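Report on one structure; see the data block that follows.
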Amino acid sequence: MFLTISGATGLIGRRLLKIYPPDKHSVIILGRKNPELSPLFQFGHWNPTAAEPSRELLQRSEVIIHLAGEPVAQRWTPEAKTSIRDSRVIGTRNLVSAIGKLLHRPKTLICASAVGIYGDRGDEVLLEGTPAASGFLPDVCTAWEAEADRAIEHGLRVVKIRIGIVLAPDGGALQSMTPLFRACLGGVLGSGKQWMSWIHVDDIAGMIQFAAENESVSGVLNGVAPNPVTNREFTRELASALHRPAFLPAPEFAVKLAYGEMAQMLFASQRVKPQAALKAGFPFQFPQLPAALAAIYP
Ligand SMILES: NC(=O)c1ccc[n+]([C@@H]2O[C@H](COP(=O)([O-])OP(=O)(O)OC[C@H]3O[C@@H](n4cnc5c(N)ncnc54)[C@H](OP(=O)(O)O)[C@@H]3O)[C@@H](O)[C@H]2O)c1
């Protein structure tokens, strides 16, 4: 397969590169600096907010997988919010604008999005057709997806994957949670009733591959495991996987003090189901949380 991947150096991108080794596939990595991976990967310099990517490189791709974006899990200062939004919205606009100018266009654009689009929804089951919420993250995701959809006008099949909390041994949400739990300082967040829609990193990378290789898939896929859990259940399972107790609840006011506005994201309840992926026949390797955590902490 001829692929171009932005954000290939990130948590999901690194896993994806294992699925598409450069000796078997032609992979172009677009990024802000050369990651010095295998020389078999071709590298194209691209700062998503600054300019359009090289058309010469895009021209050679069948599938473009666009994952780049400023990390969301940080204090939302005004500068950080601008960077979180622009790296996704302007970045995707620049990418799609370059695609529109190609003589030979790729067939498919797979664009990351996030379950953050649904906002804070209590116990409501959230499917791909559920309307987006409003607020900082929902608005960013809505604008990001709209920019990706402009590629449909250029004849591409567009898939937007609304990714949940990615569980991996080498980064993401668990990287900040694990040391606390290992030190017996882990505990439920607030009431613990908020739903967490998680996915194992192998499954999100697999879902991207599935979307890239199945021409019948288009539109939105919720990139989450079929069995979301409450924060209370997540806390219990993580503590058990790490063989530690979890008795120190983190009160909402303290988390808000520590993280500011970003704490919204930690308390948002999102009970998301991957209806479209299941209907399309995507085989989840880790549909249940205990097995996903056991694979991460063997
Ligand atoms: N991991 C999750 O739990 C999760 C959940 C929901 C949604 N997502 C979305 O899925 C995508 C990939 O996630 P990930 O966890 O693999 O992300 P990640 O580890 O944070 O990596 C994303 C990549 O984006 C590029 N990047 C970072 N800051 C940037 C900026 N200011 N401007 C332009 N590019 C920037 C970097 O690539 P270079 O340095 O090579 O340019 C980085 O490797 C992201 O868009 C993320 O929002 C992830």
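Worth a mention:
- Where only C-alpha atoms are counted, convex hull volume of the chain per residue in Å³: 125 Å³
- For Lys273, the lysines whose Cα comes closer than 23 Å to its Cα, not counting residues fewer than 8 places off in the same chain, are Lys160, Lys193.
- Only protein heavy atoms count here; under a 1.4 Å probe, Ser218 has an accessible surface of about 80 Å².
- When you restrict to C-alpha pairs under 8 Å that are six or more residues apart and normalise by the size of the chain, the relative contact order lands at 19 percent.
- Here the label points at Glu56 and Glu153, each 7 Å from Cα along the C-beta direction, are separated by 2.8 nm in the simple model.
- Across the range 16-169, the mean sequence separation of Cα contacts (distance under 8 Å, 6 or more residues apart), normalised by length, yields a relative contact order of 21 percent.
- Per residue, in Å², the accessible surface of the range 185-251 once ligands and nucleic acids are set aside, probe 1.4 Å: 38 Å²
- Carbon/sulfur fraction of accessible area - the range 175-298, other protein chains in place, 1.4 Å, %: 57 percent
- Value of relative contact order over the range 175-267, rounded to a whole percent, pairs C-alpha under 8 Å and six or more apart: 46 percent
- Each peptide in 63-69, 122-128, 91-97 was scored by the mean count of other Cβ atoms within 10 Å over its residues; highest first, the order is 63-69, 91-97, 122-128.
- Helical content of the chain, expressed as a calculated mean residue ellipticity at 222 nm, amounts to -11000 deg cm²/dmol (DSSP H runs of 4 or more residues, -39,500 (n - 2.57) each, divided by residue number, nearest 500).
The values are calculated or read from the model by the stated rules, or taken from the named source; none is laboratory data. As the structure is a prediction and not an experimental result, all values here were calculated from the model. A quick note on method: Cβ atoms are made from the backbone with ideal geometry, for glycine too, and the neighbour counts reach across all protein chains shown. Accessible surface is based on the protein model in full, side chains and every heavy atom, while ligands, DNA and RNA are left aside. Shrake-Rupley method; radii C 1.70, N 1.55, O 1.52, S 1.80 Å.
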